[in-house]
Amino acid sequence: MAAALVPETAQRLLTPETLRTAAKQSQGIHLVPLSLRRAIKRYLRDQDKTHMNRKVLLLSASFDRAKGTGAELAAAATRGALLDDPNAPSGAEQRAARWKVRSAYGDTGLRYREDETVAYVASRMPAIYAACHRVLREVRRRLPEFAPAKVLDFGAGPSSALWAMRAVWPKSIERVNLVEPSKEMQRAGQSLLDNLKGLPLIHSYGSIQELNRNIEKHERGHDLVISSYALGEIPSLSDRITIVRQLWDLTSDVLVLLEPGTPQGAKIISQMRSYILWMEKRKCRKAEKSSSRPPSNVKSIVSHEASLKNGSFVVAPCPHDGRCPLENSDKYCHFVQRLERTSSQRAYKRSKGVPLRGFEDEKFCYVALRRGKRPEESWPLDGMKFETLKERHAKRKPEDLIIDYDDQFPNEQDEEFPNDGGDSLVPYASDGHELSLFHDSEEAEEEEEQTIRADLGGGWGRIIYSPIRRGKQVQMDVCRSTKRDASEGAFERVVVTQSKNPTLHFQARRSLWGDLWPF
């Protein structure tokens, strides 16, 4: 039924050759832009870098300690006392337990002093930027008409998400409201943005309550609201729900929640996703009951317009709006973004017993939700016919079977040698594979993604973990929609063989963790 409601032209947008481009959502190794790297260098140049390596280690230890502390606070009966015990022994371990005291949100977040802020900018900001850029880039690809003008960044920190938003939507953003309770983080964000051209109008606030007091009621709608790596610092589930509800009320179009790729982060994202979908479904049911018998034509038009704004659906990563199939299981939904380490990360980060690599993998969990009703669109494989390997071989012409041995085995004269005659880098067996995975032609992707996209119907599944390639078959763990209206979903193991479908097998062999898979 859903396919019949779609215009005929929409079904011809995808062909077997363009499926791979539309399904490609993962990003190769990310290079932090030169402007941000220079801003970080300039910021660190004016800071006290004494014992910087130790400050970075203490910051990392405080994050690990906060995980256990958050679980204890969530189970505590009261949140009235200060969370920093003044009678505890002083020292590095005590300074690492740096929870903020009561605020407008309850026991909210970590206290970022000057040392922690400097260490955060040097070691964590590039990775947070890369994760935000990866998520916002997919939002742009899935919603090509979406161009946010007014943006809200909750838990902005040193404005990592703002840098990513400017890279993804460089021309549309006009006004940005930043909510960050830490004054040190606010000052760091302002310092990093100094001397940049073409900045939108930026306002900083210490809380959502302060934001609401300083703006008019008609100005509270934001095209894009993002919360990156902030909800995990709020240990109480009720406080998290309160904040997410306030963020959703301030959202006029798209809300993005981003957390670390840990079981705790995935649990937070799953809970907030379920809450927003449940809340909007309840609003839709109430609106249907109240508008069942409108007394006049004017009120019926108003109620119809209001009903169009009610509801919500998941833009990414979930291909459905039903219950998460990974709930109450030993698996959790998360993704990874590889980035090339900046000079500050290489200088101050240390690995345990092994040389520091030139890149790092940032694991993250996220959800992007949009107001309204999910569009009814045809599934990508509707009407497509694929040949088996046997059928493809039967159509080959005799001249196609002729092999030019000169092309297969080039002469020594055709080989290229370096001009300088010096020793070249020693190649490793894994280099070719890693380069093929992380160094695809990004220019071609940027040109094609403007016209070829994966629609928002339920026909695109999400590859949750790395595909397993065994001989001539590929196994993938895919989260997919089981109904045409994307109201329910399931987690399945998909096996693609070369003999049954060489076209999809070719695509499966080149699919990565986080890509889409057509149904």
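Quick note: the coordinates plus some simple rules give every number you see, no bench work behind them. Bear in mind the structure is a predicted one, so any value in this text is a computation, not a measurement. No Cβ is skipped: glycine too gets one built from the backbone with ideal geometry, and neighbour counts run over all protein chains shown.
Here is how the numbers come out for the structure above:
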read-out	value
Spin-label model distance (nm) - ASN53 vs GLU340, 7 Å beyond Cα toward Cβ	2.5 nm
Charge tally in the Cβ shell below 11 Å around VAL478, where Lys, Arg are +1 and Asp, Glu are -1, VAL478 excluded	0
Residues with amide H under 5 Å from that of TYR229, placed H, sequence gap 5 or more	LEU258, GLU259
Residue-wise HN-Hα coupling along segment 21-32, computed from phi with Karplus coefficients 6.51, -1.76, 1.60 (Hz; x: Gly, Pro)	5, 5, 7, 6, 10, 5, 10, x, 4, 8, 9, 4
Residues of segment 166-207 with amide N under 13 Å of a point placed 7 Å along Cα→Cβ from LYS41	none
Distant-in-sequence amide H partners of ALA156 (H built 1.01 Å from N, under 5 Å)	VAL179, GLU180
Sum of side-chain charges, ARG142 neighbourhood, beta-carbon under 9 Å (Lys, Arg +1; Asp, Glu -1)	+1
Cut-off 19 Å (backbone N to label point 7 Å along Cα→Cβ of GLU488), residues of segment 311-325	314, 318-325
Karplus (6.51, -1.76, 1.60) ³J(HN,Hα), θ = phi - 60°, over segment 378-394, in Hz, Gly and Pro reported as x	5, 7, x, 8, 5, x, 8, 10, 10, 8, 6, 5, 5, 5, 5, 5, 5
Proximal charge balance of MET52 [Cβ under 14 Å; K/R count +1, D/E count -1]	+4
Neighbour-limited loop hits for trypsin sites (Lys or Arg not before Pro), segment 180-241 (at most 10 other Cβ within 10 Å; DSSP other than H, G, I, E, B)	LYS197
Potential extension, SER274-GLU327 segment - 0.36 nm per residue separation minus Cα distance	18.0 nm
Full-stretch length increase - LYS183, SER499 - with 0.36 nm per residue and alpha-carbon distance subtracted	107.6 nm
Long-range amide H partners of SER204 with built H, under 5 Å	LEU178
Where GluC sites (Glu not before Pro) fall in DSSP loop in segment 161-235, at most 13 other Cβ within 10 Å	GLU174, GLU216
Calculated FRET efficiency for the pair PHE359/HIS393, C-beta based, R₀ 45 Å, to 0.05	0.60
Rounded to whole Hz, the Karplus (6.51, -1.76, 1.60) HN-Hα couplings of segment 186-201, x for glycine and proline	4, 5, 5, x, 5, 5, 5, 8, 4, 6, 8, 9, x, 6, x, 6
